Structures are given as structure tokens and as C-alpha cells.
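Here the structure is laid out as C-alpha cells; the discussion comes afterwards.
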Amino acid sequence: MQRYLIRLTASFALIAFIVLAVLGKVEAPLITQLENLTYDARVRITAPLGQDPRIVIIAIDEKSTLAEGQFPWTRDKLADMVTVLYEHGVAVVGFDVVFPERDVSHDLDMLRRLREDDNAFLDKLALMAPQLDRDYIFGGALGQGPSVLAYYFITDEEQAFEIGTLPVPAFEFDETMAARMYIPKAVGYTGNVSVLNEGAYASGFISNPLIDGDGIVRRTPLLHAFGNQAFESLALAMAGTYLNDIALPVFVDEPLLLEGYPPLEAVEIGGRRIPLDAQGAVMVPYRGGRGSFPYLSATDVINGQLEQPELLDGAIALVGATAPGLQDLRATPFGSIYPGVEIHANVLAGILDDNFRWKPAYSQAAEMLAVLAFGLAAALLLPLLSAIVATLTALLMLGSAVWLNFYLWEAQQHVLPLASTLLVIFGVYLINMFFGYFFESRSRTHMNDLFGQYVPPDLVAEMAHDPMHYSMESEKRELSVLFTDIRGFTSLSEQLDADELSKLLNRFLTPMTQVVHDTTGTIDKYMGDAVMAFWGAPLRDAHHARNAVHAGLGMLRELKQLNMTFWKEGRPELTIGVGVNTGIMSVGNMGSHFRRAYTVLGDSVNLASRLEGLTKSYGVEFIVSSYTKEAAPEFVYREVDRVRVKGKQRPVVIFEVRGEKGMVSDDELAQLQQWDQFLALYRRQQWQAADALLKALQAEDSGAQLYKIYAERIRLFERQPPGEDWDGVFTAQSK
């Protein structure tokens with residue numbers, strides 16, 4: 001319980017921190033970074049890819065600068081380009097370039113200075129000047145059809161200057177609304193010379209003060225404020241020109257306005273409703289990487305050398321710089337080298353398709369709800385699970401969060417934060433794994449210190465999961481205990497030197513110990529050639545008797561394999577006796593102040609030791625008490641005798657284990673049935689009938705020591721009858 005509470009407290013602390021970060025009460029740069037990464041991944045995964053032929057990029061690329069000279073070019077050259085574009089049927093021409101200064105014709109100035117005294121010449125020159133004025137020429141070319149120029153706003157107070165002229169604003173708002181408008185506010189601007197503005201159909205700003213802290217363009221404003229006026233972006237102005245419509249603001253309903261919502265929620269244009277965030281911005285709907293729109297080199301347009309002129313027919317032409325030296329490359333979710341002009345093209349395509357993902361007003365509430373729901377579920381559930389199940393559960397939670405977010409992304413076009421939810425699930429999982437590893441490692445070390453020398457490592461690991469249930473404190477408990485040792489070991493040891501004897505014991509004790517471990521037993525001690533083990537502690541085992549009997553049979557099987565190896569090596573074979581008893585005994589850490597051991601004590605333990613000793617007397621390998629037989633009915637037994645072991649007054653019925661049920665042959669079962677009949681006659685003191693049946697059994701197994709013992713008893717009892725009150729109990733005189 002303590003470990004659960006510690007994990008729960010740590011998890012709740014993490015959840016609280018992330019909730020505060022969602023509410024903006026604490027700084028959490030990691031969450032912001034992760035959210036940007038997940039957003040970029042979603043953009044890349046769901047991008048439609050392919051080219052949009054409606055918008056053609058007229059690229060001021062390296063090829064153009066090599067052919068036409070360093071940009072900016074003279075405006076008569078740009079006029080030629082615009083004329084060619086209109087000749088090829090473009091619907092709209094837009095410029096992602098600002099022209100804040102006049103393109104002065106030095107030829108005119110030179111002519112004026114050369115003939116400054118010739119008034120007639122100067123009059124004629126004044127009439128011809130418009131035809132030689134490159135700004136006038138460019139402005140005239142723009143007036144041939146729908147055209148849109150660019151300008152940019154300044155938000156830095158230190159650079160608050162005004163250059164050129166601004167277009168007509170999209171709409172105006174009063175002072176009271178201005179305080180609640182969160183769209184970017186400009187303190188200055190750089191516009192185009194008036195003659196170009198007069199020739200163009202519209203203008204739109206290209207500045208973006210909403211680039212994220214990592215420099216990646218994920219959203220861009222459609223509206224920008226200057227004073228109490230709102231101006232439209234280049235993409236919005238081009239869309240209006242193409243659709244022959246104007247952008248109209250959509251304000252929130254009065255009840256929401258009173259609740260403090262940002263007043264502007266969307267713009268409508270051409271029957272399309274474009275949702276805006278509080279800053280009048282949209283998520284850039286990227287089609288894909290660079291090249292999502294057809295490209296034509298500007299020099300090819302100027303010189304009429306188009307390889308695919310059909311691309312321009314009915315298309316929107318957007319002129320912009322793509323050459324690296326012109327410094328109009330941006331970082332986007334698709335890479336760090338992305339032409340800025342193509343960002344405007346993506347936004348324009350999104351307006352035309354009415355295809356924008358957006359953050360709804362409930363985004364923060366939904367994010368906080370997801371953090372709480374997934375976080376609390378993980379915090380309460382994971383501490384109760386194993387490491388593997390907890391990992392699978394955490395993966396399922398992560399998958400569910402991603403699926404739900406992705407569903408809203410695709411089906412509803414909603415952009416809801418994902419990183420905070422993933423972080424809280426993963427964070428709670430790590431907390432549980434860390435504390436689980438810490439506690440389990442400490443518990444495993446503690447358990448290993450306590451029980452490592454007694455039980456196998458896999459049981460130590462299992463015990464470490466719940467160390468509170470295991471201790472070395474003494475207690476009384478029903479267990480099963482086993483004793484086994486090598487027959488004639490003393491004489492055998494006299495024939496071997498110390499090294500050979502050590503190796504022999506190691507070869508014997510290793511497989512015997514492995515059998516105990518395989519049956520979830522506990523090694524109590526090695527006593528020279530003897531092994532003492534018990535079942536049911538420290539790990540509780542409802543089938544301790546069955547496992548102990550299994551262990552005894554397993555030891556006999558292992559000994560047969562070992563004797564085959566000894567026979568091949570020319571070594572003498574080993575024989576062992578096994579005794580098992582089941583009963584109440586004391587178990588725990590016992591001993592002195594100087595040395596202690598985890599062991600079992602009691603009459604039931606002593607009886608097991610006596611049973612092992614009786615195997616030699618009766619000539620059988622494996623003897624158990626009636627208590628063990630009752631607790632482990634899965635085996636076939638042969639009753640051996642009713643004995644009163646040395647030091648005990650109460651008799652006990654002892655049995656030989658013959659094997660597992662279903663594994664004993666029919667012939668052997670028939671012999672066991674005959675043996676039971678013999679014992680019944682023997683205990684009724686029908687000596688002649690019993691002797692006759694015993695001889696029949698001896699004929700099938702004349703060497704059985706057990707039969708010889710009972711034959712001698714019958715002869716004794718025939719001479720000296722035990723009396724009518726005889727209970728059939730034999731009192732053993734040795735251990």
C-alpha cells in the first residue's frame with residue numbers, strides 16, 4: 001500500500017504540473033517543443049501531396065538572376081513579364097515583392113541636363129516622359145488585368161516609419177473593440193510607390209509576426225491592424241481578386257462577446273467561411289514539400305520561352321523569389337529551405353478550397369480534460385499492474401489519445417493539443433516503472449539476502465513483488481518436509497580422497513537441488529550426503545504435499561540418470577532413500593545470536609527424518625506418511641506398515657510411493673491389490689492364508705526385502721501369537 005501511495009503521489013504531482021502548464025500558470029518549454037513536433041508530424045502525415053495547377057509560381061530563381069541580372073530588375077522588365085502572363089490567360093497576377101522606391105530613369109535626367117536651355121525640346125520630352133518612366137510602364141502593365149501587390153507591416157517600435165502608400169483597409173473597428181482585438185498591431189509599414197498602387201487591383205501584406213519560437217512557419221495572419229483599421233494579407237487579397245469578392249469579418253455573438261471571447265472569429269469571402277484564431281491567423285494548409293505548385297522561371301516568362309505555356313491559362317500567377325541569395329526561404333514542417341512565396345500559395349489554395357484546420361475555442365478545456373482523464377486513469381491503474389501489462393496498458397492509452405486526436409484532426413478539422421496528453425501518460429508510466437524498478441530491486445535484494453540460499457531465483461523474484469507477505473519470523477504452518485541421503489556413504493567416502501569425494505557430492509547434490517527448485521521447494525540444509533527440503537514456505541503453496549512427492553520421484557529419476565553416467569565411468573552406483581511427511585511445524589529464522597538459519601522444526605519434521613531411515617529397513621526407496629498420502633491423492637501408494645517410530649508413542653501408517661496415477665502398469669496395480677489382501681489377512685492374524693498369499697507375491701518378486709520382513713514376522717507370530725488386542729503396529733528400534 002505504501003508503494004502504491006508513493007507512486008500515486010508522484011503521478012498526481014506530474015498531472016498537476018502539466019495542468020498548470022496547460023492553463024499557462026507555469027512555463028513548460030518541453031511541452032511546447034513536443035507539441036510543435038507532433039503538429040509537424042500530423043501535417044506531414046495528412047498532407048495531400050501532389051501539385052495544385054491552379055496556382056503557378058513565377059520564380060525569381062538563380063537561372064533568372066544569371067540571365068536578367070541581380071534582382072531587383074528594372075520595372076519595364078517586370079512590365080514585360082506581366083504582359084506575357086496576361087497574354088497567356090492568367091486569371092490573377094500577384095507579387096510577393098515590395099516596391100517601396102521609385103525606379104528612377106537616369107536617361108531622362110541626362111536628356112534634361114543636355115538640353116536644359118531648349119524649351120521646345122523639354123516640352124516634347126515632358127510629353128514623352130510617361131512612356132519612358134519605368135514605374136509608369138510597370139503600373140500600366142499591372143492595370144491590364146487583375147493584379148495584387150505586396151507590402152509589409154512593421155511591429156518594432158524602434159523602426160516605426162511609414163514608406164509608400166497603403167491600400168484601402170478590409171474593415172474598420174472602434175476604440176472599444178480595438179482593446180479586445182488580438183490581431184497583430186503595426187506601428188509602421190513599407191508599401192509601394194503610389195503609381196504602382198494605382199495600377200494594381202489590390203494589395204496585401206506579406207509580413208508574419210506569428211512565426212513560432214523555433215523559426216517554423218505553422219500559421220500566418222490573414223488580418224493585420226494599423227490604427228483602427230484591419231488590412232488583408234496577400235493570399236486573402238489575391239483570393240478576393242480571383243473570386244471577385246471582398247473579405248467580410250464575422251464577429252462572435254453578443255453573449256460570447258460579453259464572456260470575454262475575442263470578437264473576431266472568421267472572415268467570409270466568396271461563400272467561404274475561413275475560421276480565424278484569436279490573432280486573426282490560420283494554420284498554413286501545406287500540400288506537401290517544396291514544389292507543391294508548378295514553377296516557371298521568371299526569365300523564361302520575360303523572354304517568351306515557356307516550355308509549358310498551357311500552365312498559365314486560367315491560373316493564378318504568383319511572382320516571388322526562390323533564389324537562396326534573395327533571402328526569402330523559410331522553415332516549415334517540411335524542411336528548413338522552403339520558398340516564402342510557396343507559403344502564400346498554400347494559404348491561397350486553402351482559401352479557395354475552404355480547407356483550414358483550426359483551434360476551436362474549447363481547445364484549452366479539451367486539452368485539460370484529456371490530461372486529467374488519461375493522467376488519472378494511468379495514475380490509478382498502472383501501479384496495480386505488472387511491468388508487461390502496465391506497458392501494454394500505457395501503449396493502449398497512448399494509441400487511444402493519438403487516435404482520438406487524429407480523428408478530430410481529420411474528421412472535424414480541429415487542431416487540438418496532443419503533446420500534453422502523451423506526456424502525462426508517458427510520464428506516469430515512467431514514474432511507475434522507475435518506482436517499480438527501485439522498489440522491486442530493493443525488495444529483490446532484500447528477498448535474496450533473506451531467502452536466496454534457500455529458494456530458486458525465480459521464486460525470489462516472485463516474492464519481491466509482495467515482500468510484506470514474506471519474512472523470516474517464526475510461525476506455525478502446515479508444510480511438507482523431505483529427507484534423503486546416500487546409502488553406504490561412509491564406506492564409499494573411505495575409498496575416495498577429499499577432492500574426489502567433494503566432486504562426487506557436487507555431482508549428486510546439484511541435480512537433487514534442481515529437482516527441489518523445480519517443484520518450488522526450499523532447501524533447508526545439506527548434511528554431508530543428506531538433503532533436507534520443505535514445501536509451503538516461505539512461498540505459500542496449497543499443493544505442498546503433491547510437490548514434495550513429485551520432488552521425491554524426481555530425485556529417484558535423476559539418480560538413475562546419474563548412475564548410468566557413473567557406470568560408464570566405472571564408478572560404483574549410488575542408492576538413496578527418500579522420506580516425506582506433511583504436518584504442522586514451526587518455520588522461520590532460528591538459531592543463536594552468532595548464527596541463524598531459515599529452517600523447520602517440530603515432531604512432523606522428526607517423523608520425516610525417521611521415514612527416510614525406514615526406507616533402508618523395509619528395502620524401499622520412497623516412504624511417506626499417511627498425512628502426506630491424504631494430502632497428495634494423485635499418486636499410487638503401497639501401504640508398508642503401521643509403525644511406532646523411535647521416540648514416539650503414537651503409531652503412523654507409512655506408504656511406499658509407486659508412481660503417479662495413470663503411470664503405473666496394470667500388472668503392478670494387480671500386485672498392489674494382492675498386497676492389500678495380504679495385509680488384511682495378516683492383521684486378522686490368519687497366518688496360513690496370509691503366508692500363502694505372500695509366497696505368491698514372492699514368486700513374482702522373490703528378492704523383495706519387504707516380503708522377507710513380513711515372512712519372518714509370520715513365522716514369529718505363529719510361534720508367539722501377539723494376542724487378541726494386537727493393533728498390527730510394529731515398533732521401530734532404530735532411527
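General observations
- For the residues Val460, Val428, Val389, the requirement of being modelled with pLDDT under 80, farther than 21 Å from Tyr39 by Cα and either under 26 Å from the mean Cα position of the chain (by Cα) or part of a helix (DSSP H, G or I) (or both) singles out Val460.
- Here is the figure for the range 318-335: residues that are under 20 Å from Arg218 (Cβ atoms) and free of Cβ contacts under 8 Å to residues at least 12 places away in the same chain total 1.
- Candidates are the residues of the range 675-707 that are touching a residue at least 40 places away in the same chain (Cβ under 8 Å) and under 23 Å from Arg658 (Cα atoms); the one that is surrounded by the fewest Cβ atoms within 10 Å (Cβ to Cβ) is Gln705.
- Checked against the criterion of being within 55 Å of the chain's Cα centre (by Cα), at pLDDT below 95, part of a loop (DSSP other than H, G, I, E, B) and surrounded by 14 or more Cβ atoms within 10 Å (Cβ to Cβ), the candidates Val664, Val587 yield just one match: Val664.
- Filtered residue count, the range 515-538, keeping only those that are over 27 Å from Gly488 (Cα atoms) and touching a strand residue (DSSP E or B) at 6+ places or on another chain (Cβ under 8 Å): 6
- Residue in the range 361-376 that is surrounded by fewer than 17 Cβ atoms within 10 Å (Cβ to Cβ), of a type in the set (S, T, N, Q) and farther than 30 Å from Asp277 by Cα present: no
- Residues of the range 631-661 satisfying the condition of being in contact (Cβ under 8 Å) with a residue 24 or more places away in the chain and not in a strand (DSSP E or B): Ala631, Ala632, Glu634, Val645, Lys646, Gly647, Lys648, Pro651, Lys661
- For the range 236-248, residues that are over 20 Å from Ser207 (Cβ atoms) and not acidic (Asp, Glu) total 5.
- Look at (1) more than 50 Å from the chain's Cα centre (by Cα); (2) under 30 Å from Ile31 (Cα atoms) and you find that Asp214 fails only one, number (1).
- Residues of the range 521-566 that are touching a helix residue (DSSP H, G or I) at 6+ places or on another chain (Cβ under 9 Å), farther than 16 Å from Arg507 by Cβ and part of a loop (DSSP other than H, G, I, E, B): Gly521, Gly536, Ala537, Pro538, Leu539, Arg540, Asp541, His543.
- Restricting the range 709-735 to residues that are free of Cβ contacts under 8 Å to residues at least 60 places away in the same chain and surrounded by 14 or more Cβ atoms within 10 Å (Cβ to Cβ), the residue that is farthest from Val640 (Cα to Cα): Phe717
- Exactly one residue among Ala597, Ala608 is aliphatic (A, V, I, L, M) and within 26 Å of Glu558 (Cα to Cα), and that residue is Ala608.
- Filter result (in a helix (DSSP H, G or I) and without any contact (Cβ under 8 Å) to a residue 60 or more places away in the chain) within the range 3-40: Leu5, Thr9, Ala13, Ala16, Phe17, Leu20, Pro29
- Among residues of the range 217-228 being more than 17 Å from Ala278 (Cβ to Cβ) and more than 42 Å from the chain's Cα centre (by Cα), the one that is surrounded by the most Cβ atoms within 10 Å (Cβ to Cβ) is Phe226.
- Residue selected from the range 1-58 under the condition of a type in the set (Gly, Ala, Ser) and within 20 Å of the chain's Cα centre (by Cα), by the criterion nearest to Arg218 (Cα to Cα): Ala41
- Odd one out for Gln649 among (1) outside the structural domain of Trp535 (by TED's automatic domain parsing); (2) modelled with pLDDT under 95: (1)
- None of Thr565, Thr510, Thr519 is at pLDDT below 95, closer than 23 Å to Gly659 by Cβ and of a type in the set (Ser, Thr, Tyr) except Thr519.
- Listed by first and then second residue, the pairs linking a residue in the range 347-362 that is in contact (Cβ under 8 Å) with a residue 12 or more places away in the chain to a residue that is basic (Lys, Arg) and outside any loop (DSSP other than H, G, I, E, B), with Cβ atoms under 6 Å apart and 6 or more places separating them unless they lie on different chains, are Asp354/Arg272.
- A count restricted to the range 309-338 and to residues that are surrounded by fewer than 20 Cβ atoms within 10 Å (Cβ to Cβ) and under 12 Å from Val90 (Cα atoms) stands at 5.
- Scan of the range 150-201 for residues that are among the basic types (Lys, Arg) and within 22 Å of Gly240 (Cα to Cα), ordered by number: none
- Scanning the range 17-57 for residues that are touching a Lys or Arg at 6+ places or on another chain (Cβ under 7 Å), within 20 Å of Ser336 (Cα to Cα) and surrounded by 19 or more Cβ atoms within 10 Å (Cβ to Cβ) yields one hit, Tyr39.
- Only one of Ala281, Ala315 that is within 21 Å of Leu49 (Cβ to Cβ) and hydrophobic (A, V, I, L, M, F, W, C): Ala315
- The set of residues in the range 169-190 that are under 30 Å from Arg102 (Cβ atoms), out of contact with any Asp or Glu (no Cβ under 9 Å at 6 or more places or on another chain) and not charged (D, E, K, R) comprises Pro184, Ala186.
- Single residue of Arg546, Arg557 found to be free of Cβ contacts under 8 Å to residues at least 12 places away in the same chain, of a type in the set (Lys, Arg) and within 22 Å of Val624 (Cβ to Cβ): Arg557
The values are calculated or read from the model by the stated rules, or taken from the named source; none is laboratory data. Fair warning: this is a prediction, and the values are worked out from it, not measured in the lab. Glycine also receives a Cβ, built like all others from the backbone with ideal geometry; neighbour counts cover every protein chain displayed.
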